[in-house]
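The values are calculated or read from the model by the stated rules, or taken from the named source; none is laboratory data. It should be emphasised that the depicted structure is a prediction, and the values quoted were computed from it without experimental measurement. Virtual Cβ from ideal backbone geometry, glycine too; neighbours counted across all protein chains shown. Note: areas computed on protein heavy atoms with side chains; ligands, DNA, RNA excluded. Shrake-Rupley method; radii C 1.70, N 1.55, O 1.52, S 1.80 Å.
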Amino acid sequence: MNTPNTTDGSYSAANEVTLVKARRSVLQNIWRTLKTAPPTAWFGMVVITFYLIVALFASLLAPHGQAQVFPMAYAPWSEEFILGTDALGRDVFSRLIYGAQNTIGIAVATTLLAFLIGGSLGLIAAISRNWLDQVLSRFVDVLMAIPSLIFALMLLSIFGSSAMNLIFIIAVLDATRVFRLTRAVALNVVVMDYVEAAKLRGEGLGWIMRREILPNIMPPLVAEFGLRFCFVFLTIAALSFLGVGIQPPTADWGSMVRENAGLIQFAEYDLTAALTPMIPAAAIALLTVAVNFVVDWFLHQTSGLRDEH
Amino acid sequence: MLQTKINHRVFIHVHPVLTTIIQRLGLGLLTLFVVTVIIFSSIEFLPGDFGQAVLGQAALPETVEAFRRELGLDRPPVERYFMWAGNVLTGDLGTSFSGRDASGVDRSRDVWQLIQPRLANTLFLASMAALVAVPLSLALGITAALYRNSIYDRVVNATTLTTISFPEFFVGYILILIFATYFKVFPSLANISDSTPLLEKIYRSTLPAFALTLVIVAHMMRMTRAAIINLLASPYIEMAQLKGASKAKVILHHALPNAWAPIVNVIAFNLAYLVVGVVVVEVVFVYPGLGQLMVDAVSSRDIPVVQACALIFAGTYILLNLFADVISIITNPRLLHPR
């Protein structure tokens, strides 16, 4: 090589590798990967970014408060009330924007908690492989034998419907799936020599989990995070729609569909009124589609997990 | 030494399929048992003053005490579990919490009386959806797998991926908007009862059944397609193609015997999924079914009704999965011809 990687005349492979790497910044690398993304993935990423912006700046974007009541119930679509008002006279458009914050926020918190519980227990089970592994695995088998919506309904009837209970119950139920996956992928890694070496070095359980195993099982976990988020998001929306999830006056998309469902009956007189309950439902569907598209592409990128060829 | 050898021989005469099935059934029953324990113990987690909450603030301490005794809360939990389980097995699901008064007047209804007509309606709706969805999605899935990467496959795939992402209530309301209020073809509310004639019942349940069908066809078709593609990639299929077997022979003679297990699994999984989907769809169409009853009971915290509904839903779910496992064991060619 006639590149100046030989400062003192000797050749260093490490120097050469850093040289090639240094030619592109992290941003450039991300951009290079993104350029290969199919249009569906692009669509998904744009939609997700849009939702996140709306959720983060809800209080700036919304023209009215989420629980602010105006003296006109069921106002039609207009300049002031872009999507009209609901049965109590609250601005639907503002509630839609705040709904992004509440619904997505609770779903993200639940998914994170599910990964914290399921992921760490899964790693511990995979590393220890003793009676604890057996107990946890059998317990998860039983929990997974009950459909989670039914289980969630039962637990909510006992503990009552509040946002905290909702987050905790759904997180525990979904942690079972995370546990299964983490344990399965981690089992392939714990038998590696470098894990054995770390154990012999005397590293603790926390170090082995964080520094040796976790970086090697990241891709499937990230993909699972996207899919799990969709499930959690849909479950919370379904529970709120059923009236036992997020409680009023907090605006969220599931209960907004329920509150305005009666307007569908007026489709032949005023189609816009009939569309009002459909918009929050469509918002839920669009975000789920977007996340699914991105996860699909991510899986193709990071692994050979494809059903064709 | 000799003794163990003889025992070993005797063991071989029992067909291995049978032992696998017995093991699986035992595991299924064990799961069912643990699930009943979980559902039963839900009442243990209730806050201590729930008697007051059910009967109202005006309830006398004696009334609350009588109510607690009726639930058996003065006896140890283990004894109570076996009493409860025995009652459930004989069809006695207890009495509802609603209709109880602070004055001690008890107008509560038998849970089984509440559930029985609802259960019949739910089964009617679910079987209506399943009758359409199962053949449709199998046909779509198998054809998509056989002609994979064709335009047909891509269209079916994209459509189902989108439908999967739709919440059940969205699908339901779209159908209501289009077919019930904009074009008045079907009624938007599925108002049926025992006295409704069958044809009328089918007509009124069309939209909820359609919504359920759309939801499960998407799942089922994708799973069927994945299972068939997985199968067609097996070495023995390639071998059959290489030795020059006709396409029909490859499919019927080599692929199909191995396909039963995944297909039955897909069907059972989705019928089990139907059990859950039915809850939301019933609420959308105000269909008088078990799901609606359970949601109402959760809102009013009527624990005996919630327990009974959860038991029926979870039991159906577990039994369907058990059934699928047994079928896939029975039809597995590798297990049927042991060496």
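With the full set of protein chains in place, find how many percent of the accessible area of region A:22-78 is carbon and sulfur; take the probe as 1.4 Å.
In region A:22-78, the share of accessible area belonging to carbon and sulfur is 72 percent.
Between residue B:95 and residues 5 or more places away or on another chain, which pairs have amide H atoms under 5 Å apart, with H built 1.01 Å from N, and which residues are they?
B:111
When ligands, DNA and RNA are left out and all protein chains stay put, how many square angstrom of accessible area per residue does the protein assembly as shown have with a 1.4 Å probe?
Working: 32680 Å² over 648 residues.
It amounts to 50 Å² per residue over the protein assembly as shown.
For region B:172-177, what does the Karplus curve 6.51 cos²θ - 1.76 cosθ + 1.60, with θ = phi - 60°, yield as ³J(HN,Hα) per residue in whole Hz, taken in order and with x for Gly and Pro?
With the stated coefficients, region B:172-177 comes to x, 6, 4, 4, 4, 4 Hz.
For the charge dipole of region B:117-299, defined by +1 on Lys and Arg C-beta atoms and -1 on Asp and Glu C-beta atoms about the Cα centroid, which residue among B:244, B:152, B:294 has the Cα displaced farthest towards the positive pole?
Positive-end residue among those listed: B:244.
How much of the pair distance distribution for region A:184-231 lies past 12 Å, counting alpha-carbon pairs only, in percent? Mind showing how you got there, number by number?
On the way: 721 of 1128 pairs.
Here the tail beyond 12 Å accounts for 64 percent of pairs.
Using the Kirkwood radius over Cα pairs, work out the Stokes-Einstein diffusion coefficient for region A:179-309 at 10 °C and 1.306 mPa s, in µm²/s as a whole number. Mind dumping the intermediate values first?
Working: Rh = 18.3 Å.
Once the numbers are plugged in, D ends up at 87 µm²/s.
Would you grab the residues whose amide H sits under 5 Å from the one on residue A:82? Only those 5+ places off in sequence or on another chain, please, with H modelled 1.01 Å from N.
Amide H neighbours of residue A:82: A:93.
Can you give the accessible area buried between chains A and B, summed over both chains, with a 1.4 Å probe, in Å² to the nearest 100?
Details: alone 17260 and 19380 Å², together 32680 Å².
It comes to approximately 4000 Å² buried between A and B.
Working from Cα positions, state the angle (0 to 90°, nearest 10) between the long axis of helix A:131-144 and the longest principal axis of chain A.
Result, in degrees: 30.
Each residue of region A:271-280 in turn: what ³J(HN,Hα) in whole Hz from Karplus with 6.51, -1.76, 1.60 and θ = phi - 60°, glycine and Pro shown as x?
Working through the residues one at a time gives 5, 5, 4, 5, 7, 3, x, 6, 5, x Hz.
Tell me, what does the Kirkwood hydrodynamic radius of region A:61-112 come to in angstroms if you use every pair of distinct C-alpha atoms? Intermediate values should be presented prior to the final figure.
On the way: mean 1/r = 0.0871 Å⁻¹.
Evaluated on region A:61-112, it is 11.5 Å.
Are there trypsin sites (Lys or Arg not before Pro) in region B:224-308 that DSSP marks as loop and that have at most 12 other Cβ atoms within 10 Å, and which are they? Can you show the working numbers first?
Values: sites: B:225, B:243, B:247, B:249, B:301; in loops: B:243, B:301.
In loop regions of region B:224-308 (DSSP not H, G, I, E or B), the sparsely surrounded trypsin sites (Lys or Arg not before Pro) are B:243.
I want the local charge near residue B:240. Using Cβ-Cβ distances under 13 Å, sum +1 for each Lys or Arg and -1 for each Asp or Glu among the other residues.
Working: positive: B:243, B:247, B:249; negative: B:238.
Value of the local net charge: +2.
log10 I(q)/I(0), Debye, Cα-only region A:46-199, no solvent, q = 0.09, 0.14, 0.21 Å⁻¹?
-0.48, -0.84, -1.19
Residues of region B:299-325 with the amide nitrogen closer than 16 Å to a label point 7 Å from the Cα of residue B:87, along Cα-to-Cβ, please.
Taking a point 7 Å out along Cα→Cβ of residue B:87, the residues of region B:299-325 whose backbone N falls under 16 Å are B:302-312.
Give the calculated FRET efficiency between residue B:18 and residue B:154 to the nearest 0.05, with a Förster radius of 45 Å applied to their Cβ-Cβ distance. Working shown, then result.
Details: r = 45 Å, r/R0 = 1.00.
In this case the efficiency is close to 0.50.
How big is the convex hull of the Cα atoms of chain B, per residue, in Å³?
Working: hull volume 69.1 nm³, N = 339.
Given the Cα convex hull of chain B, per-residue volume reads 204 Å³.
When we measure straight from the Cα of residue B:184, which aspartates and glutamates land under 12 angstrom away, once same-chain ones fewer than 8 places off are left out?
Here the aspartates and glutamates satisfying the reach criterion relative to residue B:184 are A:268.
How many percent of the accessible area of region A:234-299 is carbon or sulfur, using a 1.4 Å probe? Intermediate values should be presented prior to the final figure.
Values: 1300 of 1950 Å².
Accessible surface attributable to carbon and sulfur in region A:234-299 totals 67 percent.
Residues of region B:304-329 with amide nitrogen under 20 Å from the 7 Å Cα-to-Cβ point of residue B:260?
Label zone hits: B:320-329.
At most 10 other Cβ atoms within 10 Å plus a DSSP loop assignment makes a site exposed; report the longest stretch of chain A without any exposed chymotrypsin sites (Phe, Trp or Tyr not before Pro). Walk me through the numbers before you get to the answer.
On the way: sites that count: A:11, A:269.
It runs A:12-268.
Provide the net charge surrounding residue B:319, with neighbours chosen by a C-beta distance below 15 Å and charges set as Lys +1, Arg +1, Asp -1, Glu -1.
Numbers: positive: B:24; negative: B:325.
In short, 0.
Under the rule of -39500 (n - 2.57) per DSSP H run of 4 or more residues, summed and divided by the residues of the protein assembly as shown, what mean residue ellipticity at 222 nm is obtained, to the nearest 500 deg cm²/dmol? It would help to have the intermediate numbers written out before the result.
On the way: 28 runs with 444 residues, N = 648.
Dividing the helical sum by the residues of the protein assembly as shown leaves -22500 deg cm²/dmol.
Measure off, as a whole percent, the carbon and sulfur share of the 1.4 Å-probe accessible area of chain B, all protein chains present. Write down the numbers at each step before the final one.
Values: 11800 of 17460 Å².
Carbon with sulfur: 68 percent of the solvent-accessible area.
Based on Cα coordinates alone, diagonalise the gyration tensor for the protein assembly as shown, multiply each eigenvalue by 5, take square roots, and list the semi-axes in whole Å, largest first. Before the final figure, lay out the partial values.
Numbers: eigenvalues 361, 261, 175 Å².
Listed largest to smallest, the semi-axes of the protein assembly as shown are 42, 36, 30 Å.
Label points 7 Å out from Cα along the Cβ direction at residue B:330 and residue A:24: separation in nm?
5.6 nm
Projecting each Cα onto the charge dipole of the protein assembly as shown (Lys/Arg +1, Asp/Glu -1 at the beta carbon, about the Cα centre), which of A:62, B:280, B:316 comes out farthest on the positive side?
So the residue furthest toward the plus end is B:316.
For chain A, report the % of Cα-Cα distances exceeding 26 Å. Please list the in-between numbers first.
Values: 28357 of 47586 pairs.
So the portion of pairs separated by more than 26 Å is 60 percent.
Amide H to amide H, which residues 5 or more places from residue A:90 or on other chains are under 5 Å from it, using H placed in the peptide plane?
A:70
Helix A:13-22 against the longest principal axis of chain A: what's the angle in degrees, Cα atoms only, rounded to the nearest 10?
For A:13-22 against chain A, the angle is about 20 degrees.
Once phi is turned into θ = phi - 60°, what whole-Hz ³J(HN,Hα) does the Karplus curve with 6.51, -1.76 and 1.60 give for every residue of region A:179-196, x standing for Gly and Pro?
So the J values, rounded to whole Hz, are 4, 3, 5, 4, 4, 4, 6, 6, 4, 6, 8, 5, 7, 5, 5, 5, 5, 4.
Please compute the volume of the convex hull spanned by the alpha-carbon atoms of region B:262-339 and report it per residue in Å³. Each step should come with its number before you reach the end.
Details: hull volume 6.3 nm³, N = 78.
In region B:262-339, the Cα convex hull volume per residue is 81 Å³.
For region B:117-299, what size does the Cα cloud have along each of its three principal axes, sorted from largest down, in whole Å?
The Cα atoms of region B:117-299 stretch 61, 32, 32 Å along the principal axes, largest first.
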